[in-house]
1. Using just the C-alpha positions of chain A as equal point scatterers, what log10 of I(q)/I(0) does the Debye formula give at each q in 0.20 1/Å?
2. Please compute the volume of the convex hull spanned by the alpha-carbon atoms of the protein assembly as shown and report it per residue in Å³.
3. Note the buried accessible area between B and A here, summed over both chains, with a 1.4 Å probe, in Å² to the nearest 100.
4. Amide H of B:Glu16: which non-local residues (sequence gap of 5 or more, or other chain) have their own amide H closer than 5 Å, using H built in the peptide plane?
5. Can you send over the carbon and sulfur percentage of the accessible area for the protein assembly as shown, probe radius 1.4 Å, protein chains only?
6. Amide H to amide H, which residues 5 or more places from A:Glu100 or on other chains are under 5 Å from it, using H placed in the peptide plane?
7. Please give the length that would be gained between B:Ser6 and B:Ile92 if that part of the chain were fully extended, namely 0.36 nm times their separation in residues minus their C-alpha to C-alpha distance (nm, one decimal).
8. Count charges around A:Thr107 for me, please; just the other residues with Cβ under 11 Å from its Cβ, Lys/Arg as +1, Asp/Glu as -1.
Amino acid sequence: SQTIHQWPATLVQPVGSPLSLECTVEGTSNPNLYWYRQAAGRGLQLLFYSVGIGQISSEVPQNLSASRPQDRQFILSSKKLLLSDSGFYLCAWSSRANTEAFFGQGTRLTVV
Amino acid sequence: QQPVQSPQAVILREGEDAVINCSSSKALYSVHWYRQKHGEAPVFLMILLKGGEQKGHEKISASFNEKKQQSSLYLTASQLSYSGTYFCGTEITGGFKTIFGAGTRLFVKA
């Protein structure tokens, strides 16, 4: 069966520090991969999606970047965090047909 | 491009019914519905593809009117476990990305 792992679960980082969140998927090949951000009490904002290794599409210009170094690995990064980067970050995967997305348990990031 | 959901929040008593609406300004390929419990990841409920179909999942069903670019989620005889935030997600072209609405908070009380 397919599983998605996302870590860490919580993170407190100072302003100006770098960020690296990792997401891996098991049990499937060639998944679509996604990073979403959810601000407190808000909806799911699509940040990045990827349909293959090295292929990244950015939905919102911002302080973050994403990379897909391997087929089932998706990384969210920042060189210098801002206070506004705080939120709940969710990684998700779907098949090529995108009939259903499976979400990781999320990372709650607090920038202080 | 983000779909619009209504209402923003709803409070029900157990056994009551609710409807959550989702509308888009663009032609849709599909509509997805998810439910998120507080502090947890969203969980898939159902997908509706263009063609005006209606689907059901336990006592939760949904319809998709592609001409009106609208979908509705119907919760009948609500249970306490239905509490959470419901998101609709829309796809304009098939296969890649889903854009979610702001969510509808549903609270079912005994």
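The values are calculated or read from the model by the stated rules, or taken from the named source; none is laboratory data. Note that the structure is predicted; figures quoted are calculated from it, not measured. Cβ: placed from backbone, ideal geometry, glycine included. Neighbour counts: every protein chain shown. Keep in mind that these areas ignore ligands, DNA and RNA; they rest on the heavy atoms of the full protein, side chains included. Shrake-Rupley method; radii C 1.70, N 1.55, O 1.52, S 1.80 Å.
1. Reported log10 I(q)/I(0), two decimals: -1.03.
2. Values: hull volume 26.4 nm³, N = 222.
With only Cα atoms used, the protein assembly as shown gives 119 Å³ per residue.
3. Values: alone 6280 and 6030 Å², together 10630 Å².
Summing both sides, the interface buries roughly 1700 Å².
4. The answer is B:Ser78.
5. C and S fraction of accessible area: 51 percent.
6. Here A:Ser95 satisfy the definition.
7. On the way: separation 86, 0.36 × 86 = 30.96 nm, distance 2.00 nm.
That works out to 29.0 nm of additional length.
8. Values: positive: A:Arg37, A:Arg108; negative: A:Glu22.
So the environment of A:Thr107 carries a net charge of +1.
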